[in-house]
Amino acid sequence: MMHTEFTVVEGDFANAGKASSEIKKTLKQLNIDNQKIKKIVVAVYEAEVNAIAHAYGGTIYVDLDEEKICVLIKDKGPGIPDIARAMEKGFSTASAKVREMGFGAGMGLPNIKNNVDELDIQTEVGVGTEIKMIVNFNS
Amino acid sequence: MNENYFYHALRIDHKICFGCTLCMRNCPTEAIRVRNGKATIYENKCVDCGECYKVCPSGAVYVAEDDFQSIYNFKHRVVLMPSVFLGQFPEDIKASQVYSVITEIGFNHVFEVEASAFLHTILSNKYIREHETKKPLISTFCPAIVRLIQVKFPALVDNLIPIKAPVDFTAIYIRKKLIEEGANPEDIGIFYITPCAAKIAATKSPVGEDISTVDGVLNMDTMYNIVLKEIKQKKEFNKKITANNDVTSDCVIFSLTNGERRLNNFKKSFAIDEIHNVIEFLEKVEDDEIEDLDFLELRACDESCAGGILTCGNRFLINDRMMQRAKKLAERERNGETSRRKAIMNEREYLTQNSHVGKIKPRSMMVLDEDRSVAFQKLTRIKEIESKLPHTDCNVCGAPSCHALAEDVAFDRANMTDCVFMQRNLEKRGSLKVEESVEIMKNIWGEDKLKDYILNK
């Protein structure tokens with residue numbers, strides 16, 4: 001088991017993608033299917049952007065072994081009041097400012113769901129959100 | 001030929017190299033180490049981009065070329081001259097003078113490489129239109145980029161346009177013409193004047209195919225010296241010889257940045273030159289960060305082929321001369337003095353049939369082991385070693401970075417004790433003697449650098 005952590009800073013869109021590209025570098029070394037790597041990168045990237053755009057920053061915990069990768073994104077955010085709606089394609093609560101920057105298309109959570117094998121979202125309004133995603137390399 | 005074997009034209013002369021580390025620090029694929037005081041290349045990581053050649057202060061990095069005399073192994077000697085070759089010469093030297101001299105130094109035929117660039121464009125654009133799902137399609141014009149993608153971005157190998165380079169088309173065309181004129185195929189020798197090492201490597205071990213279209217490669221700087229010397233010493237030029245009119249105005253600048261891109265009209269395309277810029281961009285492409293991308297023209301050298309390591313003179317001046325030539329040609333095309341339809345287009349069908357390069361395979365240098373479980377063990381070991389290293393990337397161990405050393409140690413190509421910080425720590429503990437540290441340093445840096453200078457002064 002290999003463990004890595006990344007810090008995500010609120011509003012720091014300039015550094016969005018740091019964690020996902022580090023993860024990509026690691027997975028490329030393990031001879032994992034390219035399409036699979038792409039899926040993981042997309043899912044983690046979306047989660048990173050979520051934590052930057054909607055939450056007040058957070059931490060990404062990555063656990064990797066031979067069989068799977070597990071990524072946990074814990075944010076100190078406002079929480080998601082209605083998860084069912086947040087999972088709908090195109091639904092977004094992003095501010096006009098965030099949309100102007102090319103983010104906030106309402107594809108974040110749907111995109112994550114489409115690209116991972118397991119997805120678990122724990123959220124509490126006013127406290128924060130924990131998104132746990134797992135991708136199995138053999139599936 | 002061994003599948004994992006890449007021919008490399010870049011070599012290091014160990015008699016000249018003094019182990020300055022500049023090449024190692026500038027290599028975009030971390031392919032260089034210092035051993036015994038000399039730079040050495042990990043051949044499976046090298047993509048022949050020539051960055052090491054550019055930065056080498058002592059001229060120790062050189063480009064292996066075919067002996068000029070080897071042209072005389074053939075009865076029909078053809079030289080394939082890329083347009084960038086003419087761009088080397090100062091404005092007072094005419095293209096016709098260069099042509100005239102080339103035919104006098106041993107060649108029977110001169111042909112400009114970019115003669116086939118127009119056909120190449122037609123075929124590439126057709127391929128791009130027919131492969132919407134593979135977007136973005138990436139040009140294979142620059143062989144260093146093809147190799148870079150094979151080793152560093154294997155996920156993008158399928159995005160490469162598997163169509164031969166203009167030099168191949170032109171060579172195939174000329175060979176056919178000469179055979180039709182009665183030449184024995186074995187008597188035909190086609191020689192290409194190259195602006196860079198990557199083109200040599202691609203010629204000696206072509207990507208995806210096994211037979212080379214040319215018989216030899218001559219370095220552009222060598223040819224420049226030979227031709228310029230002849231021109232300077234000559235008083236009379238053969239007036240009968242004029243520059244061939246093989247290339248259209250837009251193809252004269254094909255090898256410059258934007259040369260390919262301006263010949264297509266895709267909605268979203270980029271022309272990016274210089275290998276570090278290319279790597280930065282490909283990281284984004286690989287992550288699907290850029291949407292609806294149609295086409296990428298990527299070149300390893302700054303200012304593309306005008307900045308090739310074997311060109312002579314400043315790349316911006318070369319670029320400008322080529323642009324001026326294109327302008328003049330365009331003027332003549334508009335006035336009807338020259339046709340845009342060239343003879344090579346008559347062989348369109350034959351060339352199209354021979355246009356494919358075959359399957360381009362990934363040759364990842366990133367994968368630690370084919371077996372994921374072994375790869376994982378290696379990865380864990382690398383991380384563990386790396387965590388103990390100082391992260392100074394000081395190069396004293398003979399590797400370009402602490403990470404590179406960690407990788408080398410995990411693959412038994414180096415030792416933890418190669419790290420000078422590690423040595424100090426072990427000495428402090430008493431588990432390594434100073435003499436042993438000096439021995440380690442000698443293995444990396446050679447005897448000379450560890451001479452007792454202080455006491456001798």
Out of all the residues in the stretch B:183-237, which are among the acidic types (Asp, Glu) and part of a helix (DSSP H, G or I)? B:186, B:187, B:221, B:230
List every residue pair whose Cβ atoms sit under 7 Å apart, with the two residues 6 or more apart in sequence or on different chains, where the first one lies in the stretch B:322-344 and is assigned to a loop (DSSP other than H, G, I, E, B) and the second, anywhere, is modelled with pLDDT of 90 or more and surrounded by 12 or more Cβ atoms within 10 Å (Cβ to Cβ). B:338/B:332; B:340/B:248; B:340/B:333; B:342/B:115; B:342/B:248
When you scan the stretch B:358-374, do you find a residue that is within 30 Å of residue B:134 (Cβ to Cβ), in contact (Cβ under 8 Å) with a residue 60 or more places away in the chain and in contact with a strand residue (DSSP E or B) (Cβ under 8 Å, 6 or more places away or on another chain), even just one? yes
When every residue in the stretch B:266-279 that is under 21 Å from residue B:308 (Cβ atoms) and of a type in the set (D, E, K, R) is compared, the one nearest to the other protein chains (Cβ to nearest Cβ) is B:274
Of the residues B:399, B:404, which single one is touching a residue at least 12 places away in the same chain (Cβ under 8 Å), within 14 Å of chain A (Cβ to nearest Cβ), touching a strand residue (DSSP E or B) at 6+ places or on another chain (Cβ under 9 Å) and among the small types (Gly, Ala, Ser)? B:404
When you check residue B:419 against the structure, is it touching a Lys or Arg at 6+ places or on another chain (Cβ under 9 Å), surrounded by 18 or more Cβ atoms within 10 Å (Cβ to Cβ) and away from chain A (no Cβ under 14 Å), yes or no? yes
Residue B:242 vs. criteria among the hydroxyl-bearing types (Ser, Thr, Tyr) and buried (at least 16 other Cβ atoms within 10 Å of the Cβ): no
Being free of Cβ contacts under 8 Å to residues at least 12 places away in the same chain and in a helix (DSSP H, G or I) narrows it down to one of B:443, B:425, so name that one. B:425
Being assigned to a helix (DSSP H, G or I) and more than 7 Å from chain B (Cβ to nearest Cβ) is the filter; apply it to the stretch A:27-36 and report the residue that is surrounded by the most Cβ atoms within 10 Å (Cβ to Cβ). A:27
Do we find that residue B:287 is within 14 Å of chain A (Cβ to nearest Cβ) and free of Cβ contacts under 8 Å to residues at least 40 places away in the same chain in this structure? yes
Considering only the stretch B:396-416, how many residues are part of a loop (DSSP other than H, G, I, E, B) and surrounded by fewer than 20 Cβ atoms within 10 Å (Cβ to Cβ)? 6
Identify, by number, the condition in (1) more than 10 Å from every other protein chain (Cβ to nearest Cβ); (2) within 22 Å of residue A:123 (Cβ to Cβ); (3) not hydrophobic (A, V, I, L, M, F, W, C) that residue A:22 doesn't meet. (2)
Name the one entry in B:63, B:110, B:79 that is over 23 Å from residue B:327 (Cα atoms) and at pLDDT below 95. B:63
Which residues, counting only those in the stretch B:82-98, are modelled with pLDDT of 90 or more and of a type in the set (Ser, Thr, Tyr)? B:83
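The values are calculated or read from the model by the stated rules, or taken from the named source; none is laboratory data. In this text the structure is predicted, and so the values were computed from the model without any measurement. We place every Cβ from the backbone using ideal geometry, glycine too, and count neighbours over all the protein chains shown.
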